[in-house]
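For reference, the structure discussed in these notes is given below.
The values are calculated or read from the model by the stated rules, or taken from the named source; none is laboratory data. Keep in mind it's a predicted model, so treat the numbers as computed, not measured. Every residue, glycine among them, receives a Cβ derived from its backbone with ideal geometry; neighbour counts consider all protein chains shown. Calculation scope for accessible area: heavy atoms of the full protein, side chains included, ligands and nucleic acids excluded. Shrake-Rupley method; radii C 1.70, N 1.55, O 1.52, S 1.80 Å.
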Amino acid sequence: LADRELSLEAGVTAAVSRLQLGDDTARTRLQELRDVARQRSLTDVWAVDTFARVTFYLAFVPMLHRCYADVDEYIDDGCKYAQDHDLGYWQSMLAGVQVLRSVDTGRWHNVTAQAQRILESSDPAWRSRLLALICLARVKARTGQSDAIAYLEQATELADHDPAVAGMLMPVRAEADFLGGANPRCLPEATGDPW
């Protein structure tokens, strides 16, 4: 169609899809598309959002596969870029990624404050809100706090918007059940079978 914007956006979407499926070459492709978006953002305002989007995916998707190379760099760069360009949506999305990173690195003391900032903000992106709830529930379950289940219930309700992210809840629910002594529910939660 000879549409530069559409071509770049489609390329990003295709590369993200491949990366989610575990195709490591897609990461290199996303990095290339990020460079293209950065260059175009100097003259085309629409590419500013695309650059933030690609940076978010380069931080978030590898963490889903427990691959952390360059993740911190992309989080830091994305947060600064979103703030410098007043991109509220991407600021919120990257805040959600920061909370997930804090859980994955064992910085539990950061999780509560980071998650509460998201949950108390005026209009967080719903996926960012979901990540905040999941991470808060995980830390609360691991530290023996009874309100972990309340956060999981909120996350479950919110995940109904997108079945693709609902899969993130099963391991957290199984872990919370196990740590909370509800052992008969662990296997059904872990396998996704109704209890």
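Overview of values
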{"quantity": "Meets criteria (without any contact (Cβ under 8 Å) to a residue 24 or more places away in the chain and either more than 30 Å from THR105 (Cα to Cα) or out of contact with any strand residue (DSSP E or B) (no Cβ under 9 Å at 6 or more places or on another chain) (or both)) for ALA59", "calculated": "no"}
{"quantity": "Flag for THR112 being in contact (Cβ under 8 Å) with a residue 12 or more places away in the chain, open to solvent by 30 Å² or more (accessible area, probe 1.4 Å) and either farther than 15 Å from VAL172 by Cβ or in contact with a Lys or Arg (Cβ under 7 Å, 6 or more places away or on another chain) (or both)", "calculated": "yes"}
{"quantity": "So GLU9, is it over 12 Å from PRO62 (Cα atoms), surrounded by 13 or more Cβ atoms within 10 Å (Cβ to Cβ) and not basic (Lys, Arg)", "calculated": "yes"}
{"quantity": "Test set (1) open to solvent by 60 Å² or more (accessible area, probe 1.4 Å); (2) over 22 Å from ALA137 (Cα atoms); (3) not hydrophobic (A, V, I, L, M, F, W, C) - GLY78 fails condition number", "calculated": "(1)"}
{"quantity": "Odd one out for THR50 among (1) open to solvent by 50 Å² or more (accessible area, probe 1.4 Å); (2) closer than 20 Å to GLY96 by Cα", "calculated": "(1)"}
{"quantity": "Check on LEU100, farther than 17 Å from GLN31 by Cα, touching a residue at least 12 places away in the same chain (Cβ under 8 Å), touching a Phe, Trp or Tyr at 6+ places or on another chain (Cβ under 8 Å) and of a type outside the set (Asp, Glu)", "calculated": "yes"}
